[in-house]
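Peer 1: Just dropping this structure here.
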Amino acid sequence: MTKRMEGRITLVTGSTSGIGRGIALVFAREGAKVVVTGRNIEGGQETVDMIKKEGGDAVFVQADLLQSSQVEKLINRVVEVYGRLDCACNNAGIAGIRVPFIEFPEDQWNLVIETDLKSVWLCMKYEIPQMLKQGKGAIVNISSAAGLKPNKGSTAYCSAKHGIIGLTKMAALEYAEAGIRVNTVCPGPIRTPLVEDLCKKHPEREAWYISTTPMRRMGTPEEIGEAVVWLCSDASSYITGITLPVDGGYAELL
């Protein structure tokens, strides 16, 4: 049986851990050759090793996605290693601090907006030209349920995640005729190692996540990966510019 992404070349940013790693693993399981990227060399190599252990094909390329020169080199490296770029998932981001709106520090605003929003723009700025050369491509940008429903105290994070949705729609509109599809996935509460550690230290946080999610459970990184892979696959060939919540109903039902 042919796998959904057999032979396709995929880039997943922020795939050294957490949701990004889960996305990379699902792509690999479905037959894609995966370029893992981020700043954490150890974590990146760990993801590659996990993929190879299951018989997949992957490489790690270290890159700081806030530097345009490094993003350009990253895309060039993808093409150098695998010859093309069929799919990209722009996932890298940080949550930032939680403080009241008028107390939010300017340096923290700049850090979160650059890491979560500017990096997605920069990645598409270099991913799209390569896809234009090939005549087609699929991009999925990772926003958040906070991009649909604001959370008190997360001023920069919510702003950046809302911004990703707008950025995605702009790119989808401009390149639809060129055969490039661009969509957004908005994860809700997901059981990443970081969130697990937080819940161990603050059990009330896990209870809050579960109580505010209609399905009454947290999601897994692989469940986000399934949505991303579907949006990059031929099964969604007539879909572009959408915002897909994968959040157990959090942003839609409460």
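Peer 1: For region 12-100, compute Rg over Rh where Rg is the Cα radius of gyration and Rh is the Kirkwood radius from the inverse mean 1/r over Cα pairs.
Peer 2: Values: Rg = 13.2 Å, Rh = 13.2 Å.
So for region 12-100, dividing Rg by the Kirkwood Rh gives 1.00.
Peer 1: While we're here: Could you put CYS199, CYS186, CYS89 in order, starting from the residue whose Cβ has the fewest other Cβ atoms within 10 Å?
Peer 2: Ranked by crowding around the Cβ, least crowded first: CYS199, CYS186, CYS89.
Peer 1: At 37 °C and 0.692 mPa s, what whole-number value in µm²/s does Stokes-Einstein give for the translational diffusion of region 146-194, with Rh from the Kirkwood sum over Cα pairs?
Peer 2: Translational D for this selection: 266 µm²/s.
Peer 1: I would also like to ask the following. For the chain, give me every cysteine whose Cβ has no other Cys Cβ within less than 4.7 Å, ordered by residue number.
Peer 2: Here CYS89, CYS123, CYS158, CYS186, CYS199 come out as lacking a disulfide-compatible partner, given the Cβ-Cβ threshold of under 4.7 Å.
Peer 1: With the cut-off at 19 Å, report for region 148-254 the share of all Cα pairs above it, as a whole percent.
Peer 2: Working: 3021 of 5671 pairs.
Percentage above 19 Å: 53.
Peer 1: Cα-Cα over 25 Å: which of LYS3/LYS136; LYS53/LYS73; LYS52/LYS161; LYS73/LYS133? Before the final figure, lay out each step's value.
Peer 2: Values: LYS3/LYS136 20 Å; LYS53/LYS73 27 Å; LYS52/LYS161 32 Å; LYS73/LYS133 17 Å.
Exceeds cut-off: LYS53/LYS73; LYS52/LYS161.
Peer 1: A further question follows. Quickly estimate the mean residue ellipticity at 222 nm for the chain, helices only: each DSSP H run with n ≥ 4 gives -39500 (n - 2.57), and the total goes over all residues, rounded to 500.
Peer 2: The helix contribution divided over the chain gives -14500 deg cm²/dmol.
Peer 1: Still on this model: If you rank ASP49, ASP57 by fewest surrounding Cβ atoms within 10 Å, what's the result?
Peer 2: Ordered from fewest to most neighbouring Cβ atoms within 10 Å, ASP49, ASP57 come out as ASP49, ASP57.
Peer 1: Could I ask something else about it? What length, rounded to one decimal in nm, is gained on full extension from ILE210 through to GLN70, with 0.36 nm per residue of separation minus their alpha-carbon distance?
Peer 2: 46.5 nm
Peer 1: Rounded, prolate or oblate for region 37-82? Axes are the square roots of the Cα gyration tensor eigenvalues, ordered a ≥ b ≥ c, and the cut-off for rounded is a/c under 1.5.
Peer 2: Oblate is the answer for region 37-82, as a/c is 1.5 or above yet b/c matches or exceeds a/b.
Peer 1: Another one. Can you put ILE242, ILE165 in order, fewest other beta carbons within 10 Å first?
Peer 2: By the 10 Å Cβ count, ascending, the order reads ILE242, ILE165.
Peer 1: Can you check what the net charge comes to around PRO245, using other residues whose Cβ is under 10 Å from the Cβ of PRO245 (Lys, Arg +1; Asp, Glu -1)?
Peer 2: Once positives and negatives cancel, what remains is -1.
Peer 1: Going by alpha carbons, how many degrees (0 to 90, nearest 10) lie between the helix axis of 68-82 and the longest principal axis of the chain?
Peer 2: Long axis of 68-82 versus the principal axis of the chain: about 50 degrees.
Peer 1: What fraction of the DSSP beta bridges in the chain is antiparallel, stated in percent and rounded to the nearest 5? Show your work: numbers first, answer last.
Peer 2: Values: 0 of 29 bridges.
Here the share of antiparallel DSSP bridges comes out near 0 percent.
Peer 1: Where in the chain lies the longest segment free of trypsin sites (Lys or Arg not before Pro) that are both loop residues by DSSP (not H, G, I, E, B) and have at most 16 other Cβ atoms within 10 Å?
Peer 2: So the longest stretch without any such site is 153-215.
Peer 1: Angle, helix 221-232 long axis vs. longest principal axis of the chain, Cα atoms, 0 to 90°, nearest 10?
Peer 2: 50 degrees
Peer 1: In a shell of Cβ-Cβ distance under 12 Å around GLY137, excluding GLY137 itself, what net charge do Lys and Arg (+1) and Asp and Glu (-1) give?
Peer 2: Neighbourhood net charge equals +3.
Peer 1: For region 101-200, which GluC sites (Glu not before Pro) pass both filters: DSSP loop (anything but H, G, I, E, B) and at most 15 other C-beta atoms within 10 Å?
Peer 2: Numbers: sites: GLU103, GLU106, GLU114, GLU127, GLU174, GLU177, GLU196; in loops: GLU177.
In loop regions of region 101-200 (DSSP not H, G, I, E or B), the sparsely surrounded GluC sites (Glu not before Pro) are GLU177.
Peer 1: Something else about it: Return the ratio Rg/(2.2 N^0.38 Å) for the chain, where Rg is computed over Cα atoms only. Each step should come with its number before you reach the end.
Peer 2: Working: Rg = 17.3 Å, N = 254, 2.2 N^0.38 = 18.0 Å.
So the chain has a normalised radius of gyration of 0.96.
Peer 1: Less than 10 Å Cβ to Cβ from VAL71, Lys/Arg counted +1 and Asp/Glu -1: what total charge do the surrounding residues give?
Peer 2: It works out to a net charge of -1.
Peer 1: Compute the long axis of helix 41-53 from its Cα atoms, compare it with the longest principal axis of the Cα atoms of the chain, and write down the angle in degrees, 0 to 90, nearest 10.
Peer 2: 60 degrees
Peer 1: Are there any chymotrypsin sites (Phe, Trp or Tyr not before Pro) in region 153-254 that are in a DSSP loop and have at most 11 other Cβ atoms within 10 Å? List them by number.
Peer 2: Passing both the DSSP loop test and the Cβ count: TYR238.
Peer 1: Between Rg and the Kirkwood Rh of region 43-192, both from Cα atoms, what is the Rg to Rh ratio?
Peer 2: That ratio is 0.99, to two decimals.
Values in this text are rule-based calculations from the coordinates and carry no lab data. Values in this document were obtained by computation on a predicted structure and should not be read as measured data. As a convention, Cβ positions derive from the backbone with ideal geometry for all residues, glycine included, and neighbour counts pool all protein chains shown.
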